[in-house]
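Below is one structure; the comments refer to it alone.
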């Protein structure tokens, strides 16, 4: 499980341990990983933006993985779109999407027969949002990746679950300076993901009062959402 040291990842770690699973907690903060060691089967320290660290850590593990939850990610915004921050854009794309290639390269060979792969994306991919060019693009790519992997891994009896959380209270969302409707706790998010993964659902989204509303709006003509999304933006 990547991103296991905070937010949804930490609550997922606790949930799976509570249910009797042997959990490998992955993250880049050694201090926080050390705190998890008493409950974890193992801990792996690596930065998802460092392919050699990923390779060294995962290949050092002997054995198979039944469920791989790829949850690590970053959320940063383009605050001045005219003076577009190309480096920020690249950093977010690398963390949220490009890193997945190196994780998959090392994890897929270790997945058990009838194993599960879980990719945590975002409900932000349902509609385009202001300032979310980097985050939204990275998560939209992750959506396509998950849906494509599901096709090619089906003959190998490996299921793929794509997760679309809404607003979840985490250290990342604590930095947000805008309203977050229907926000839920990380603990509640972990419970919903756990239940969906246990049922081998291909698509897990919550809270539905938000995600279904966004899907409904997405069916309407684009101009309607454009007016809603741009309302209040300074000219």
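The values are calculated or read from the model by the stated rules, or taken from the named source; none is laboratory data. This is a predicted model, so every value here is computed, not measured. Please note: Cβ atoms are built from the backbone with ideal geometry, for glycine as well, and neighbour counts cover all protein chains shown.
Before moving on, here are some points about what is shown:
- The residue list 94, 147 contains one member that is part of a helix (DSSP H, G or I), modelled with pLDDT of 95 or more, surrounded by fewer than 19 Cβ atoms within 10 Å (Cβ to Cβ) and in contact with a strand residue (DSSP E or B) (Cβ under 8 Å, 6 or more places away or on another chain), which is 147.
- Answer from 37, 62, 50, 31 - the residue that is under 16 Å from residue 2 (Cα atoms), exposed (fewer than 12 other Cβ atoms within 10 Å of the Cβ), without any contact (Cβ under 8 Å) to a residue 24 or more places away in the chain and out of contact with any strand residue (DSSP E or B) (no Cβ under 8 Å at 6 or more places or on another chain): 31
- Selection count where residues are in contact with a helix residue (DSSP H, G or I) (Cβ under 9 Å, 6 or more places away or on another chain) and either free of Cβ contacts under 8 Å to residues at least 24 places away in the same chain or under 25 Å from residue 215 (Cβ atoms) (or both), scope the range 149-185: 21
- Summed over the range 38-71, residues that are more than 21 Å from residue 114 (Cβ to Cβ) and either assigned to a strand (DSSP E or B) or touching a helix residue (DSSP H, G or I) at 6+ places or on another chain (Cβ under 7 Å) (or both) total 14.
- Filtered by the rule that a residue be assigned to a strand (DSSP E or B) and within 17 Å of the chain's Cα centre (by Cα), the range 97-143 gives 116, 117, 118, 119, 120.
- With respect to the stated conditions, residue 192 is within 16 Å of the chain's Cα centre (by Cα) and either modelled with pLDDT of 90 or more or part of a strand (DSSP E or B) (or both).
- Residue in the range 100-117 that is surrounded by the fewest Cβ atoms within 10 Å (Cβ to Cβ), counting only those that are under 17 Å from residue 27 (Cα atoms), without any contact (Cβ under 8 Å) to a residue 60 or more places away in the chain and in contact with a strand residue (DSSP E or B) (Cβ under 9 Å, 6 or more places away or on another chain): 104
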